[in-house]
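Encoded as structure tokens, the structure appears first; notes follow it.
The values are calculated or read from the model by the stated rules, or taken from the named source; none is laboratory data. Treat the numbers as computed from the prediction; the structure is a model and nothing was measured. Don't worry about glycine lacking a Cβ; one is built from the backbone with ideal geometry, like all the others, and counts go over all protein chains shown. Areas reflect the complete protein model, heavy atoms only, side chains present, ligands, DNA and RNA absent. Shrake-Rupley method; radii C 1.70, N 1.55, O 1.52, S 1.80 Å.
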Amino acid sequence: MGSAIAVSPSSTIYKGKSGQWAFVLHRITGFLVFVFILLHVVDVATVNSPHIYNQIHQLYGNVFLRLFEVGLLFALLYHALNGLRVIMIDFFPSAIKNEKAVFFSMLGLAVLLTIVGGVIILRPFFTGSVH
Amino acid sequence: MTTTMNPVSVSPAVPAEVSVHLRVKRYNPEADTRPHWQDFTVQALPSDTVLNVLHKVKWTQDGTLSFRRSCAHGVCGSDAMVINGENKLGCINLISTVGTDLTIEPIRGLPVIKDLIVDMEPFFAQYRSVLPYLITDDDPGYKERLQSQEERERFDDTTKCILCACCTTSCPVYWANGSYVGPAAIVNAHRFIFDSRDQAASERLDILNQKSGVWRCRTSFNCTEACPRGISVTKAVEEVKRAILYDRV
């Protein structure tokens, strides 16, 4: 059967339940957090040239980058909380039984904390204190 | 008082046939360079299984449609397929539960030979790699190897496996990395690791402690959702992980 080929899974999406999407979201948010760390390393590396450093940080004050930061906050929170969920699954059998409930609590907590953090991050645009 | 009997209500209800629409992912290695979809419509009873419907297509419409089946009663594990996006056995899922609009594909992560038939050899090689048989050093002579009910209960869940590959081919890690032994192999290792009569638990734990072993598992629970035997697959994988971690069965 030399001509057998592997079917591309991209043609249809496998209908996994919350666990599959928890895994996918964990990968995506992990990548985003990694990109954020790279960006952060670059901006901190410019600290010896205050001119560039200040320019970069002024750029971060831009509304789009602030919104991006809210997204990053969610990515960070989700990745951290789902990471705790995975650790719970690894160590406590009861977490396996309640895996879905644990997932939705963690997701809910991540969304809630993102809203709180988002309000703080975006407040300057509502109070008009943006320069 | 006379009772008029309505013949319609008295005769045993004859279930009406329904029109079932199938979309099957087909691949013929002698003619096709890549898989394609083909549509079929057949009349079937709501109590018919997906396998019955595939048989109707094969026997009355297109004899070239290829799929595996043996017992047709959910025991042999031959007819695992992706039905409407989920790994299921064709023989134990009724039209009344899966619906009349069906999308059927071969299971993922294994090379397709033809239509719904995949090459199961990588899957069975992974199964064999975990030494899925009783290993003992002692010879009990002409006596049985006794076991308490509690000791038997310890691995009862994982004895149910029929090697249909529903779990392994639902695993996102397995789709991306075919060298991962996969949940089915781990389930069958679990069946002997936690068997009080077996003496090769540490050997199997060493095999599963390798790069392609249990640590590839990312607990997506697709295996547990897919298992037609209702095995708590993720739970079994986690028990093997902990046995390795704590070096204790």
Quiz item: For the range B:157-174, does any single residue satisfy the condition of being assigned to a helix (DSSP H, G or I) and aliphatic (A, V, I, L, M)?
Solution: yes
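Given the criteria surrounded by 14 or more Cβ atoms within 10 Å (Cβ to Cβ), modelled with pLDDT under 95 and either assigned to a helix (DSSP H, G or I) or within 14 Å of chain B (Cβ to nearest Cβ) (or both), does residue A:53 qualify?
The answer is yes for residue A:53.
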Quiz item: Is the range B:19-28 home to any residue that is aromatic (Phe, Trp, Tyr) and either away from every other protein chain (no Cβ under 12 Å) or open to solvent by 50 Å² or more (accessible area, probe 1.4 Å) (or both)?
Solution: no
Quiz item: Of the residues in the range B:194-216, how many are in a loop (DSSP other than H, G, I, E, B), within 23 Å of the chain's Cα centre (by Cα) and among the hydrophobic types (A, V, I, L, M, F, W, C)?
Solution: 1
Practice problem: Return the pairs, sorted by first residue and then second, in which the second residue is among the basic types (Lys, Arg) and not in a helix (DSSP H, G or I), the first residue lies in the range A:14-41 and is more than 17 Å from residue B:170 (Cα to Cα) and at pLDDT 95 or above, the beta carbons are less than 9 Å apart, and the residues are 6+ apart or on different chains. | Solution: A:26/B:218; A:27/B:218
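One line per residue, one yes/no per condition, for (1) touching a Gly at 6+ places or on another chain (Cβ under 8 Å); (2) among the small types (Gly, Ala, Ser); (3) at pLDDT below 95:
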residue	(1), (2), (3)
B:184	no, yes, no
B:189	no, yes, no
B:193	no, no, no
B:198	no, no, no
B:206	no, no, no
B:210	no, no, no
B:221	yes, no, no
B:235	no, no, no
B:239	no, no, no
Quiz item: Can we say residue B:69 is without any contact (Cβ under 8 Å) to a residue 12 or more places away in the chain and either open to solvent by 40 Å² or more (accessible area, probe 1.4 Å) or assigned by TED's automatic domain parsing to the domain that holds residue B:114 (or both)?
Solution: no
Quiz item: Which of the residues that make up the range A:79-106 are touching a residue at least 60 places away in the same chain (Cβ under 8 Å) and over 13 Å from residue B:219 (Cα atoms)?
Solution: A:104
Exercise. Of the numbered conditions (1) part of a loop (DSSP other than H, G, I, E, B); (2) open to solvent by 20 Å² or more (accessible area, probe 1.4 Å); (3) within 20 Å of residue A:87 (Cα to Cα); (4) within 14 Å of another protein chain (Cβ to nearest Cβ), residue B:224 fails exactly one; give the number of that condition.
Key: (1)
Quiz item: Would you say residue B:102 is assigned by TED's automatic domain parsing to the domain that holds residue B:70 and touching a residue at least 12 places away in the same chain (Cβ under 8 Å)?
Solution: yes
Exercise. Can you work out which of the residues in the range B:227-240 that are part of a helix (DSSP H, G or I) and open to solvent by 10 Å² or more (accessible area, probe 1.4 Å) is farthest from the other protein chains (Cβ to nearest Cβ)?
Key: B:239
Exercise. Report yes if some residue within the range A:77-96 is open to solvent by 80 Å² or more (accessible area, probe 1.4 Å), modelled with pLDDT of 95 or more, part of a helix (DSSP H, G or I) and more than 13 Å from chain B (Cβ to nearest Cβ); otherwise report no.
Key: no
Quiz prompt | From B:158, B:219, residue being without any contact (Cβ under 8 Å) to a residue 24 or more places away in the chain, open to solvent by less than 10 Å² (accessible area, probe 1.4 Å) and either over 17 Å from the mean Cα position of the chain (by Cα) or away from every other protein chain (no Cβ under 14 Å) (or both) | solution = B:219
Practice problem: Take the residues in the range B:120-155 that are under 22 Å from the mean Cα position of the chain (by Cα) and of a type in the set (A, V, I, L, M), then tell me which one is surrounded by the most Cβ atoms within 10 Å (Cβ to Cβ). | Solution: B:130
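Given the condition open to solvent by less than 40 Å² (accessible area, probe 1.4 Å), under 16 Å from residue A:33 (Cβ atoms) and part of a helix (DSSP H, G or I), answer yes or no: does some residue in the range A:117-126 qualify?
Filtering the range A:117-126 for residues open to solvent by less than 40 Å² (accessible area, probe 1.4 Å) gives A:117-118, A:121-122, A:124.
When the remaining residues are screened for being under 16 Å from residue A:33 (Cβ atoms), the result is A:117.
Going one step further and asking which of them are part of a helix (DSSP H, G or I), we end up with A:117.
Yes, because at least one residue in the range A:117-126 is open to solvent by less than 40 Å² (accessible area, probe 1.4 Å), under 16 Å from residue A:33 (Cβ atoms) and part of a helix (DSSP H, G or I).
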Quiz item: Say we look at the range B:82-97 and pick out the residues that are out of contact with any Gly (no Cβ under 7 Å at 6 or more places or on another chain) and away from chain A (no Cβ under 12 Å); which of these is surrounded by the fewest Cβ atoms within 10 Å (Cβ to Cβ)?
Solution: B:97
Practice problem: Look at the range B:29-65 and say how many of its residues are within 14 Å of another protein chain (Cβ to nearest Cβ), under 27 Å from the mean Cα position of the chain (by Cα) and surrounded by fewer than 11 Cβ atoms within 10 Å (Cβ to Cβ). | Solution: 1
